[in-house]
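Below is one structure, written out as structure tokens; the observations come after it.
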Amino acid sequence: MKSDDFRKHAHEFVDWMADYLDRVEDLPVRPQVEPGDILTRLPLEPPVEGESMDRIFQDFQSVILPGMTHWQHPNFHAYFPANSSRPSILAEMLTATLAAQCMSWETSPAATELEARALDWLRQMIGLPPDFTGSIQDTASTATLVAMVTARERATNYAVNDGGGSKVAMTAYCSVDAHSSVEKAAKIAGIGSSNLRRIPTDGSNAMVPRELAAAIATDIGAGRRPICVVATTGTTSVSGFDPIHDIAHITQKHDIWLHVDAAWAGSALILPEQRHLATGVDLADSFVFNPHKWLFTNFDCTAFYVRDVDALLNTFQMRPEYLRTRQDSHVTNYRDWGIQLGRRFRALKLWFVIRSYGVRGLQDKIRSHIQLAQSLAAEVETAADFELLTEPILGLLCFRYHPAGVDDRAKLDKLNEDLLHRLNDSGKVYVTHTRVRDAYAIRFVVGQTETTERHVRAAWTAIQQAATA
Ligand code: PLP
């Protein structure tokens with residue numbers, strides 16, 4: 001492609017992008033397609049001759065776009081958000097243009113130093129003490145795996161990295177509500193699913209420290225080696241908060257690595273009034289949260305903090321001849337801070353977002369989402385035919401349709417499942433479900449960048465209409 005053509009198309013695309021963001025709320029949040037619909041519209045063979053960008057772009061609009069779920073739609077209330085923002089998108093355009101591979105300081109000094117600065121800004125913003133040092137990972141799943149492997153190595157004096165396997169069975173711990181990425185990490189780290197102890201939670205969905213202490217004591221008594229506890233700040237299903245402070249007392253007593261998974265809720269810690277949710281986090285060994293979930297920064301951008309950087313480097317550092325540089329002894333080479341060698345320039349978008357909104361602007365946005373979830377909960381609570389199943393916690397609440405006279409559990413579950421499908425098929429709203437005290441529940445999250453009161457009101461109307469229908 002010639003430079004003039006690139007310029008022409010880039011301008012065209014930017015206009016399209018601005019229009020898309022302005023009109024995304026007019027599109028169905030989730031597409032009405034069946035499995036295979038898009039595939040059948042894509043040629044079986046690759047084109048032998050190059051095609052015009054006009055043609056490719058036309059197909060993007062007519063074939064691809066109708067099959068997309070619009071995560072940036074203000075009525076996207078499913079899962080957890082993966083929000084973005086205009087400043088973040090602008091930064092991503094520059095990142096794509098520079099297309100730098102930022103594995104070492106030398107391969108992009110500014111990328112390395114900006115990552116260090118942006119992650120330290122973020123550390124201050126969420127109230128982590130200065131002895132935590134951050135890096136950007138692709139996902140919270142990867143960060144939890146990195147934490148668990150580092151825990152394993154520190155506990156075995158780096159023997160597993162060296163000799164493979166472990167003579168003593170290793171164990172790890174998390175609550176029954178922890179994210180599936182914790183089990184995946186236990187599998188990959190060689191601990192094994194069956195050696196991951198699922199600790200019960202209490203009525204507020206928080207891990208019970210007494211049960212944790214008992215499980216650890218049993219394992220030690222049986223000659224096993226507890227190496228890692230993963231505490232969650234904001235569990236995925238209903239947003240439980242494990243008591244980090246009490247858990248840390250147990251992990252410190254037994255010299256066990258404590259990792260805190262705050263993938264979603266971590267962004268709310270930029271609000272001083274929400275920091276109580278992570279009391280004791282200063283005692284953890286590592287902490288992860290996703291600015292790509294609720295801090296208006298495009299996927300992928302996971303902030304991962306550790307206190308013992310030496311343990312991390314001793315676990316992951318590789319120094320083949322072809323990667324060595326003159327500065328290695330006095331610079332940060334982020335390739336040694338995790339699994340991947342090649343790294344995108346991800347700090348740029350974070351820097352753009354923090355500078356463009358300012359800390360206050362980011363706080364205002366997150367506060368407004370929390371407020372919107374609370375107002376919706378108040379509406380649900382007063383509606384005769386609905387039942388609030390969880391109090392709103394940050395931007396998340398769970399409820400169900402419960403018309404008078406229908407009390408059979410299976411009937412209620414089916415009614416709510418049908419309601420959810422009807423709603424999502426309408427394209428007006430996208431919500432997902434979970435189970436609360438074994439009841440099928442509609443799980444509603446407020447967290448998309450542009451969601452305002454108008455959108456939440458529209459969602460509530462759509463839910464009530466679908467229920468009545
Ligand atoms: N941890 C928690 C608590 C989550 O809710 C999620 C995803 O929703 C994850 C981890 C995994 O996040 P990622 O997609 O960044 O791996």
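The values are calculated or read from the model by the stated rules, or taken from the named source; none is laboratory data. Quick caveat, the model's predicted, so the values are computed rather than measured. We place every Cβ from the backbone using ideal geometry, glycine too, and count neighbours over all the protein chains shown.
Does SER141 satisfy being modelled with pLDDT of 95 or more and within 16 Å of the ligand (Cβ to nearest atom)? The answer is yes for SER141. Checking each residue in segment 119-141 for being touching a residue at least 24 places away in the same chain (Cβ under 8 Å), farther than 18 Å from LEU258 by Cβ and out of contact with any strand residue (DSSP E or B) (no Cβ under 9 Å at 6 or more places or on another chain) picks out TRP121, MET125.
Each residue in segment 228-244 was checked for being over 20 Å from ALA185 (Cα atoms) and either hydroxyl-bearing (Ser, Thr, Tyr) or over 23 Å from the mean Cα position of the chain (by Cα) (or both), and 1 pass.
Scanning segment 424-469 for residues that are of a type in the set (Gly, Ala, Ser) and either within 21 Å of ASP413 (Cα to Cα) or out of contact with any helix residue (DSSP H, G or I) (no Cβ under 6 Å at 6 or more places or on another chain) (or both) yields SER426, GLY427, ALA439, ALA441, ALA458, ALA459, ALA462, ALA466, ALA467, ALA469. What about THR279, is it in contact with a helix residue (DSSP H, G or I) (Cβ under 9 Å, 6 or more places away or on another chain), within 16 Å of the ligand (Cβ to nearest atom) and modelled with pLDDT of 95 or more? It is false that THR279 is in contact with a helix residue (DSSP H, G or I) (Cβ under 9 Å, 6 or more places away or on another chain), within 16 Å of the ligand (Cβ to nearest atom) and modelled with pLDDT of 95 or more.
Could you go through segment 121-135 and let me know if any residue there is within 16 Å of the ligand (Cβ to nearest atom) and among the aromatic types (Phe, Trp, Tyr). No, segment 121-135 contains no residue that is within 16 Å of the ligand (Cβ to nearest atom) and among the aromatic types (Phe, Trp, Tyr).
Condition check: assigned to a strand (DSSP E or B) and touching a residue at least 24 places away in the same chain (Cβ under 8 Å). Does THR144 satisfy that? Against the criterion (assigned to a strand (DSSP E or B) and touching a residue at least 24 places away in the same chain (Cβ under 8 Å)), THR144 does not qualify. Please work out if SER239 is crowded, with 20+ Cβ neighbours inside 10 Å, in a helix (DSSP H, G or I) and either in contact with a Leu (Cβ under 6 Å, 6 or more places away or on another chain) or on the phi > 0 side of the Ramachandran plot (or both). The answer is no for SER239. Taking segment 179-220 as the range and being free of Cβ contacts under 8 Å to residues at least 12 places away in the same chain, more than 16 Å from the ligand (Cβ to nearest atom) and either in a helix (DSSP H, G or I) or closer than 17 Å to GLY280 by Cβ (or both) as the test, the residues that pass are SER193, SER194, ASP202, VAL208, ARG210, ALA214, ALA217, THR218.
Could you tell me whether any residue of segment 253-276 is over 23 Å from the mean Cα position of the chain (by Cα), under 19 Å from THR144 (Cα atoms) and more than 11 Å from the ligand (Cβ to nearest atom)? Checked against the condition, which is being over 23 Å from the mean Cα position of the chain (by Cα), under 19 Å from THR144 (Cα atoms) and more than 11 Å from the ligand (Cβ to nearest atom), segment 253-276 yields at least one hit.
Residues that are out of contact with any helix residue (DSSP H, G or I) (no Cβ under 7 Å at 6 or more places or on another chain) and part of a strand (DSSP E or B) are absent from segment 375-383. Has segment 166-179 got at least one residue that is in contact with an Asp or Glu (Cβ under 9 Å, 6 or more places away or on another chain), over 26 Å from THR434 (Cα atoms) and not acidic (Asp, Glu)? Checked segment 166-179: at least one residue is in contact with an Asp or Glu (Cβ under 9 Å, 6 or more places away or on another chain), over 26 Å from THR434 (Cα atoms) and not acidic (Asp, Glu). Mind listing just one residue for me: the one in segment 391-410 that is assigned to a strand (DSSP E or B) and free of Cβ contacts under 8 Å to residues at least 24 places away in the same chain and, of those, surrounded by the fewest Cβ atoms within 10 Å (Cβ to Cβ)? Out of the qualifying residues, it is GLU391.
Checked against (1) under 21 Å from ALA284 (Cα atoms); (2) at pLDDT 95 or above; (3) within 15 Å of the ligand (Cβ to nearest atom), SER239 passes all but condition (2).
Only residues that are over 23 Å from HIS245 (Cα atoms), more than 12 Å from the ligand (Cβ to nearest atom) and in a loop (DSSP other than H, G, I, E, B) were counted in segment 298-332, giving 11. Based on what the data block shows, is ARG335 more than 16 Å from the ligand (Cβ to nearest atom), charged (D, E, K, R), modelled with pLDDT of 95 or more and closer than 24 Å to LEU114 by Cα? Considered against the rule, which asks whether it is more than 16 Å from the ligand (Cβ to nearest atom), charged (D, E, K, R), modelled with pLDDT of 95 or more and closer than 24 Å to LEU114 by Cα, ARG335 comes out as yes. In segment 89-108, of all residues being farther than 19 Å from ARG355 by Cβ and in contact (Cβ under 8 Å) with a residue 24 or more places away in the chain, the one that is farthest from the chain's Cα centre (by Cα) corresponds to GLU106. Output the residues belonging to segment 198-211 that are surrounded by fewer than 24 Cβ atoms within 10 Å (Cβ to Cβ) and within 23 Å of the chain's Cα centre (by Cα). Within segment 198-211, ARG198, THR201, SER204, ASN205, ALA206 qualify.
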